[in-house]
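One structure is given here, and the rest of the page talks about it.
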Amino acid sequence: MHRGFSLIELLIVILIVSIVYFLGFSGLEKSDNKPKALTPLNLKSTIVKSDLFYGEATLMCTDKCRSCYLRKGINDPFKSYEHGIDLKDTEVYTLDQQESLLRLEYGRYKDHKICLVLDFYRNGSSTQIILKNENGVYFLPAYFGEPKKVDSLEDARDLWLKNSDLVSNSGDFY
């Protein structure tokens, strides 16, 4: 005569397996959408590909770029960026009307000096800037292409001008 498991025995086995499963996997998180630490090379892609981005956003960093804030729309309030930041002592540059390098000076936020403001737009573009810190000089294009590390501020300026020429020539990107 064959005897099977009783309902109580099956329920106890299921309970034990469930407890082991939850104890073993409770500390693991799915990290697909978890933002990486912000660096000059991944700044744009990290924000745009994360759950923090919903079409438009502004990233603002203060205290020599040691703390950052993100706002998800033009009228939304800034909220503290809770993920890693690797932008300390970053300087921000742009080009003026004479195509000369100009170091950007922003105002203050909550009595802290702002070191970086980067806007992200629905069409996939962002503020075009040049960043410089102890690790190097970086060109962050506004439209297409990936950020690039270059040897000097002058190389970043040349890359900016080249990128501007490509965007202004109809059809080069289309």
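Considering only residues in the stretch 101-138 that are under 16 Å from the mean Cα position of the chain (by Cα) and not in a strand (DSSP E or B), the one that is surrounded by the fewest Cβ atoms within 10 Å (Cβ to Cβ) turns out to be R122.
If you go through the stretch 139-162 and keep only what is part of a loop (DSSP other than H, G, I, E, B), surrounded by fewer than 17 Cβ atoms within 10 Å (Cβ to Cβ) and within 20 Å of the chain's Cα centre (by Cα), you end up with Y143, F144, G145, E146. List the residue pairs whose Cβ atoms are under 9 Å apart, where the first residue sits in the stretch 12-36 and is farther than 28 Å from H83 by Cβ, the second is at pLDDT 70 or above and surrounded by 10 or more Cβ atoms within 10 Å (Cβ to Cβ), and the two are 6 or more positions apart or on different chains. Qualifying pairs under 9 Å: V13/F5. A residue that is acidic (D, E) and without any contact (Cβ under 8 Å) to a residue 40 or more places away in the chain occurs somewhere in the stretch 110-127. When K44, K36 are checked against the criterion of being surrounded by fewer than 19 Cβ atoms within 10 Å (Cβ to Cβ) and of a type outside the set (A, V, I, L, M), K36 stands alone in meeting it.
The values are calculated or read from the model by the stated rules, or taken from the named source; none is laboratory data. Just so it is clear, the structure is predicted and the values come from calculations on it, not from any experiment. Virtual Cβ from ideal backbone geometry, glycine too; neighbours counted across all protein chains shown.
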